[in-house]
Amino acid sequence: MKKTFLIIGCICLGVLVGIRLFQQPDEENQRSIWHDGDLVARQVGASMMNTVAVRQLAEQLPFSSELKQIDIEGESLRLAYDVTGKERRAWIGTDTGTLQVNQDFLNARLSKVLMHHTLVLFSTIPDLTNLEIHYTDPYSKADFKIDRSAFDIYTPSDIERATSSSGRFNRVVIDGYVLDASRRQTFFERFASGFSIQTN
């Protein structure tokens with residue numbers, strides 16, 4: 001009888017340890033997917049005239065598997081993301097109803113993508129003047145537009161200096177801004193006029 005309980009206890013302990021081991025890398029991967037300081041350090045100073053380099057940079061940003069279109073025109077860049085119904089909750093915080101800028105949205109992927117890509121692209125490409133990021137899923141569409149002058153007014157000095165090294169960029173920009181919920185909220189409050197939502 002004692003052996004049976006001991007065996008059951010060992011099995012339960014093994015299962016719990018296994019679950020923890022599989023969960024931890026998942027959580028780390030969710031954070032590390034944003035840590036692209038190496039990419040920024042390699043590409044900093046890229047020019048909009050070099051359309052191949054700009055396109056390659058956009059294609060290496062997080063969640064590029066949903067990136068369906070890249071338009072480069074002069075000093076303007078437009079990225080279009082097309083998301084399936086299954087992925088909708090992960091991207092906007094809800095799988096039913098209209099996309100809204102609420103707490104669920106601020107904790108979801110799209111808010112991080114918009115802030116991350118804005119900070120990375122304007123910090124990396126000095127002659128980028130206009131950025132537009134378009135999002136669509138089976139039920140919603142959203143457009144985010146920002147120009148260089150609005151970005152320069154917003155940009156804290158610690159972000160300006162962060163492109164000097166990959167580690168600094170990851171620590172200051174990604175951990176300190178993109179992955180910080182209160183700073184994402186401030187970002188969307190500041191640029192609310194550039195974010196428009198439509199239903200399909």
| query | Do any helices (runs of 4 or more DSSP H) lying entirely in the stretch 48-125 carry at least 3 residues that are hydrophobic (A, V, I, L, M, F, W, C), and which ones are they? | reply | 51-59, 88-92, 109-124
| query | Taking the stretch 178-194 only, how many residues are open to solvent by 30 Å² or more (accessible area, probe 1.4 Å), touching a helix residue (DSSP H, G or I) at 6+ places or on another chain (Cβ under 8 Å) and more than 14 Å from residue 103 (Cβ to Cβ)? | reply | 3
| request: Look at residue 169 and say whether it is of a type outside the set (Ser, Thr, Tyr), open to solvent by less than 30 Å² (accessible area, probe 1.4 Å), under 21 Å from residue 192 (Cβ atoms) and assigned to a helix (DSSP H, G or I). | output: no
| query | Which condition does residue 57 not pass, out of (1) at pLDDT 95 or above; (2) open to solvent by less than 70 Å² (accessible area, probe 1.4 Å); (3) more than 19 Å from the chain's Cα centre (by Cα); (4) over 30 Å from residue 199 (Cβ atoms), if it passes all the others? | reply | (3)
| field | Selected residue (criterion: farthest from residue 124 (Cα to Cα)) from residues of the stretch 31-82 that are among the acidic types (Asp, Glu) and in contact with a helix residue (DSSP H, G or I) (Cβ under 9 Å, 6 or more places away or on another chain) | value | 82
| What about residue 175, is it charged (D, E, K, R), out of contact with any Pro (no Cβ under 9 Å at 6 or more places or on another chain) and either open to solvent by less than 30 Å² (accessible area, probe 1.4 Å) or within 22 Å of residue 101 (Cα to Cα) (or both)? | yes
| query | Exactly one of (1) within 22 Å of residue 37 (Cα to Cα); (2) touching a residue at least 24 places away in the same chain (Cβ under 8 Å) is unmet by residue 101. Its number? | reply | (1)
| task | May I ask you to list the residues in the stretch 94-105 that are over 11 Å from residue 140 (Cα atoms) and either open to solvent by less than 10 Å² (accessible area, probe 1.4 Å) or at pLDDT 95 or above (or both)? | result | 105
| query | Among the residues of the stretch 124-162 satisfying the criterion of being open to solvent by 30 Å² or more (accessible area, probe 1.4 Å) and closer than 14 Å to residue 37 by Cα, which is nearest to the chain's Cα centre (by Cα)? | reply | 160
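The values are calculated or read from the model by the stated rules, or taken from the named source; none is laboratory data. Not measured: the values here are computed from a predicted model. We place every Cβ from the backbone using ideal geometry, glycine too, and count neighbours over all the protein chains shown. Just the protein is used for accessible areas: all its heavy atoms, side chains included, with ligands, DNA and RNA removed. Shrake-Rupley method; radii C 1.70, N 1.55, O 1.52, S 1.80 Å.
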